[in-house]
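These notes are about the structure you will find just below.
The values are calculated or read from the model by the stated rules, or taken from the named source; none is laboratory data. Just so it is clear, the structure is predicted and the values come from calculations on it, not from any experiment. Neighbour counts are summed over all protein chains in view; Cβ atoms, including those assigned to glycine, are modelled from backbone coordinates with ideal geometry.
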């Protein structure tokens, strides 16, 4: 096709697009609204997914956990393990690991002067936990633990309310030691923490790791080791190294430790895909209808062009170019609107009215939309490519017109 023909093709397509301003405007609004809804919804849902994953990882899970075989099925002191050896420590201090810590983690009962509750007692190394879990940043009243030998405890705000106790008062923790005897000890509440989920506030009590080991007569043994990688892409490499240096331990990534979250992420992604398809179908019907109406209105014109020697392929290209022009303008409008909407939500989308339901799902009441390049590209390509495919029928109808019949048609 010569340069003159290409220029003529673009000129005719552009003029035909704006021949009926109202109809073109309607389809542009439909395409813009569709791509806006696709990109905006994808950003909101991606933000929800990322927030859930981050909350789970920060909520003591980490990226990878190491336990003795059988601990996850029966988390008691009998299923403890020795501290990491030199080969494992070498891996943990490698370039792919951002933070790691060892813990004592057992079922326990905490009792105040008035109430008692079942909890999970977690003995931690306070310094190592910083950058690994939420604990240090969550203390809103009192102080954080100072060392692994700190005899104080941290309680969640909801647990403090349930026990009818307060900062500075004493509570008693009871659990089972390695001799299958009841181990109990009094602790002073030195800090109160707030968490994203009520279950976290009511389910955990934190104290120094050495204190918990002494109380349970564990010696140097620990219940678990958790780590956070510098990048999630490094998890596979770190996991392989750990399995190689500690083949007798149960080493699992967060995707195995939190299967429900993995299913939730897949559900969100399926929802986004379904929404993309629904929006595209709605847009495609409008686009095809608009192009068909334009073709029917220009029946005599098309017949005249064919009688003057215009080839069917040129007509086919012209209608497809009209479709491409409308799609591109609509995509630009929709993406600009989507970016503006997401930018306006930079401080978060406040859903505090649904806080209780969101908390159950592990989502904070404020959601921060997260733009993913793959989501934006997928949405735009879906609309552009399938929009062109949907335009083939009107283009084919235009190209197969018989000139004599088209010219004589009123």
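To keep it simple, each residue is scored yes or no on (1) in the same structural domain as residue 170 (by TED's automatic domain parsing); (2) modelled with pLDDT of 90 or more.
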position: 197; (1), (2): yes, no
position: 205; (1), (2): yes, yes
position: 223; (1), (2): yes, yes
position: 226; (1), (2): yes, yes
position: 256; (1), (2): no, yes
position: 274; (1), (2): no, no
position: 278; (1), (2): no, no
position: 288; (1), (2): no, no
position: 292; (1), (2): no, no
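Against the test of being closer than 20 Å to residue 214 by Cβ, assigned by TED's automatic domain parsing to the domain that holds residue 241 and surrounded by fewer than 21 Cβ atoms within 10 Å (Cβ to Cβ), the options 109, 139 yield a single qualifying residue, 109. Kindly establish whether residue 343 is at pLDDT 70 or above and either outside the structural domain of residue 320 (by TED's automatic domain parsing) or exposed (fewer than 11 other Cβ atoms within 10 Å of the Cβ) (or both). Yes, satisfied. The conditions of being in a helix (DSSP H, G or I) and more than 24 Å from residue 323 (Cβ to Cβ) are met by residue 48.
Looking at the structure I just gave you, is residue 250 touching a residue at least 60 places away in the same chain (Cβ under 8 Å) and more than 28 Å from residue 77 (Cβ to Cβ)? Criteria not met by residue 250. Residues considered: 47, 34. Of these, the only one that is closer than 22 Å to residue 336 by Cα, in contact with a strand residue (DSSP E or B) (Cβ under 8 Å, 6 or more places away or on another chain) and in contact (Cβ under 8 Å) with a residue 60 or more places away in the chain is 47. Evaluate the following for residue 95: is it touching a residue at least 40 places away in the same chain (Cβ under 8 Å), more than 31 Å from the chain's Cα centre (by Cα) and over 20 Å from residue 210 (Cβ atoms)? Spelling it out, it is not the case that residue 95 is touching a residue at least 40 places away in the same chain (Cβ under 8 Å), more than 31 Å from the chain's Cα centre (by Cα) and over 20 Å from residue 210 (Cβ atoms).
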